[in-house]
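**Student:** Structure in structure tokens, see below.
The values are calculated or read from the model by the stated rules, or taken from the named source; none is laboratory data. Just so it is clear, the model here is predicted, and its values are computed rather than measured. Cβ sites come from the backbone with ideal geometry, for glycine too, and all protein chains shown count toward neighbours. Protein only, heavy atoms only, side chains kept; ligands, DNA and RNA dropped before computing areas. Shrake-Rupley method; radii C 1.70, N 1.55, O 1.52, S 1.80 Å.
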Amino acid sequence: MKSNIEARQRERIYTEVHPSAVVACRGLAAEIATLIRTRAAEGRNVVLGLATGSTPVPLYRELIRLHREEGLSFRNVITFNLDEYHGLTPEHPESYSRFMREQLFNHIDLPASQSNVPDGRVPRGEVFAWCRAYEQKIAAAGGIDLQVLGIGRTGHIGFNEPGSARDSRTRLVTLDSLTRRDAARDFLGEANVPRYAITMGVGTILEARKVVLLAWGEAKARMIAQATEGRPNETIPATLLQDHPDVRFLLDPAAAAELTRIKHPWLVTPVEWTPPLARRAIAWLSSTAKRPVLKLLDEHYGEHGMADLLTEQGPAYNLNIRAFNEIQHTITGWPGGKPNADDSHRPERASPHPKRVVVFSPEPSDEMLGMGGTLTRLIEQGHSVTVVYLTSGNLAVPDEEAMVAADLVLEFATSQAGGAATAARRVRDAIAAKQSTAKGQDTADTRRLKGLLRRGEARAALRNAAVPSGTERFLDLAFYENGRYRQFRATEADVAQVAAVLRELKPHQIFATGAGQDPASVSGMCFDVLRSAIQQVKTEGWWQDCRVWLYRTPDKAWAAHEIDMAVPLSPAQLTQKIQAVYQHKSQRSQMPVFEPGLHEAWQQAEAAARSLAKTYDALGLAEYEAIEAFQRWHDDAR
Ligand code: GLP
């Protein structure tokens, strides 16, 4: 239908959008396998440049599978990793050296002498010489044949932060504060994140014969669009890849979502103007032209690449009214449907009433952040609501909080009688031992205590939101309990647990989050588990009467055109929601900062709900204090 080249006219880097990270990685792994086998047949080596982070994990899993099941040998492979935190030993749980061993090297037949990861232990005074030697080693190996890259939220590649020169070489760098904040979760607190790292330079990366950058999930979408469509500049180091003769980006749909050809296809190609596309374009036009929908004129359509819509379906007056009404109909104070009302223009059906509603929360607090006000409304409007917490969330509890709890248990138990004191003492000792060496993983006792802490907070928050006690469930899914960030792996057992809850509760409405998130993140993985569970129950009769609504946590609010249901909150309801979020005390300052100055989870939740109200106001709809928004999810979506 549309010319591919035309659609890609703004892209300065070749991008491929795959259905999922797993599918994208299967293709790349096959390409790597062919390269390795061809070279092996010629008696030659292959030099691979490797990356760390969640992103390449599916690639490494597929390479391991090829080794195990299809006999792919890595004996003729030499690897060089991009980077390493400075100051970490190779045993530190967050060291990239350990990551590579756990994620790849330990599972394939790559000789140990042929893998190279920058050494975080090199003393400061020797780093310069060490880095030169690393470069020389790459050159002596014949240079990198294929470099795998991820991308950081600052647009960094490797650890080449904004400001890195195009001809920079392997060196010691200072980490950006945003990068350190993003790593805070892995290091159990920002204070533990190293300040420096050793990284290959942009120049080193550009010398690789082929570069493949991978990105999954909506958190990467903005950076991917800028790296692909922006001019090359050193403030976004990934843009410098545009100069490379053989580079491509492999994306999943969520990471590709901000590319012009996907977000605003009408700007680059002729499009088929379906009603949803027209609504999306008109909402965009309203915000771009800074005019409420009903005040858009023919010339605004003409000036912003929408002349054909005007010709086909105009004039502006008609288009405006239609879009305005459609957006108006997304607003409802009845998230579970309004009983005995005409529901032909309402987002949710009137009957049955009351409904059985299940709210899935990947980690305690997600449900409050994303839909605390709506939760309260559902209860007030008589629905039977069950909040299901999918994971315990224990990994996100700082040690200090656990210490306070352990002290409390200990004092209480020793002043009373019984055996809790021994366990509490073990937790205290384990945390204290962790602080004296490199911060290690938590013991089972500690994780349990931290998980219980989050249960307590979740219950306090529900009480604040007026949700009756006893309606919550804690599933503590096994993938989380047995895993760590970046290393989660959901199994059939997780899916079976969620499917069992669905079968038992037979909901009419499900609220969930995590669609479009990085598939390796907790919420992304929880959504995949839910989706698989839905596959198992979708032939059952009750499912035909069930609707799934997606909510989002404050890190990424829906844009106006993505919203199918907008639930307004009054000032009092917003205050109640914030107080509920506030109960998640262990999560203070645990969230990545999305807007400067908003460090606290409750601040972010408040800002997100207010800004959605402003979005609706700017479109020319009623002015509310705050809004929580939802998107209808269909099985085939994404
Ligand atoms: C770190 C690494 C980068 C990586 C980035 C993104 O900063 N040094 O090489 O691309 O994180 O990490 P993730 O893949 O977990 O999103």
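**Student:** Looking at the chain, do any whole DSSP H helices span at least 15 angstrom along their long axis by alpha carbon and average -0.5 or above on Kyte-Doolittle, and which? Walk me through the intermediate numbers first.
**Tutor:** Values: long enough: 21-41 (30 Å, 1.01); 57-70 (19 Å, -0.71); 124-140 (24 Å, -0.28); 275-289 (20 Å, 0.26); 316-328 (17 Å, -0.32); 366-380 (20 Å, 0.14); 399-415 (23 Å, 0.52); 420-436 (25 Å, -0.27); 444-464 (30 Å, -0.98); 492-505 (20 Å, 0.64); 522-537 (23 Å, 0.81); 571-582 (16 Å, -0.16); 601-618 (25 Å, -0.54).
Membrane-span-like by this criterion, though nothing is claimed about a membrane: 21-41, 124-140, 275-289, 316-328, 366-380, 399-415, 420-436, 492-505, 522-537, 571-582.
**Student:** In bins 20 Å wide, starting from 0, what share of all Cα pairs of the chain does each bin hold, as a percent?
**Tutor:** Result, from short to long distances: 17, 49, 30, 4, 0 percent.
**Student:** Tell me, what is the per residue accessible area of the chain in Å², probe radius 1.4 Å?
**Tutor:** Value for the chain: 41 Å² per residue.
**Student:** A follow-up question, please. Between VAL77 and residues 5 or more places away or on another chain, which pairs have amide H atoms under 5 Å apart, with H built 1.01 Å from N, and which residues are they?
**Tutor:** VAL46
**Student:** Also, I was wondering about something else. Calculated from DSSP H runs of 4 or more alone, at -39500 (n - 2.57) each and per residue, what is the 222 nm mean residue ellipticity of the chain, nearest 500?
**Tutor:** Estimated from H runs of four or more residues: -13000 deg cm²/dmol.
**Student:** Indicate the gyration tensor shape class of segment 310-400 (rounded, prolate or oblate), computed on the Cα atoms with a ≥ b ≥ c the square roots of the eigenvalues: a/c under 1.5 is rounded; otherwise a/b larger than b/c is prolate and the rest oblate. Present the calculation step by step, with values, prior to reporting the outcome.
**Tutor:** Details: a/c = 3.89, a/b = 1.72, b/c = 2.26.
Here segment 310-400 falls in the oblate category.
**Student:** Rank-order 566-575, 147-156 by packing density, defined as the average count of other C-beta atoms within 10 Å over each peptide's residues, highest first.
**Tutor:** Values: 566-575: 19.2, 147-156: 23.6.
Highest-to-lowest ranking by the protection proxy: 147-156, 566-575.
**Student:** I need the phi-derived Karplus couplings for segment 235-244: 6.51 cos²θ - 1.76 cosθ + 1.60, θ = phi - 60°, integer Hz, Gly and Pro marked x.
**Tutor:** Each residue of segment 235-244 in turn: 6, 10, x, 4, 5, 5, 5, 4, 6, 7 Hz.
**Student:** If you average the sequence gap of Cα pairs under 8 Å that are 6 or more apart and divide by the length of the chain, what percent do you get for the contact order?
**Tutor:** 13 percent
**Student:** Under 5 Å between amide hydrogens, which residues at least 5 positions from ALA626 or on another chain qualify, with H placed 1.01 Å from N in the peptide plane?
**Tutor:** Residues meeting the amide H criterion: LEU569.
**Student:** Okay, moving on. From zero outward in steps of 10 Å, how is the percent of C-alpha pairs of segment 4-261 spread across the bins?
**Tutor:** That works out to 7, 32, 38, 21, 3, 0, in percent per bin.
**Student:** Relative contact order, percent, of segment 4-261 when contacts are C-alpha pairs under 8 Å separated by at least 6 residues?
**Tutor:** Value for segment 4-261: 25 percent.
**Student:** Continuing with the same structure: If you take every DSSP beta bridge whose two residues both sit in the chain, what share of them, in percent to the nearest 5, is antiparallel? Don't skip to the answer; put the middle values down first.
**Tutor:** Details: 16 of 55 bridges.
Of all bridge pairs located within the chain, approximately 30 percent are antiparallel.
**Student:** Are there any GluC sites (Glu not before Pro) in segment 250-310 that are in a DSSP loop and have at most 11 other Cβ atoms within 10 Å? List them by number.
**Tutor:** GLU272
**Student:** Quickly rank 205-214, 112-121 as a protection proxy: mean count of other C-beta atoms within 10 Å, highest first.
**Tutor:** 205-214, 112-121
**Student:** Using packing as a proxy for protection, rank 542-553, 519-530 so that the peptide with the highest average count of other Cβ atoms within 10 Å comes first. Before the final figure, lay out the partial values.
**Tutor:** Values: 542-553: 19.6, 519-530: 24.3.
Taking the mean over residues of other Cβ atoms within 10 Å, the ranking is 519-530, 542-553.
**Student:** Which far-off residues, 5 or more places away or on another chain, put their amide H under 5 Å from the one on VAL388, with H placed in the peptide plane?
**Tutor:** Close amide H contacts, sequence-distant or interchain: VAL359, PHE360, SER361, ARG473.
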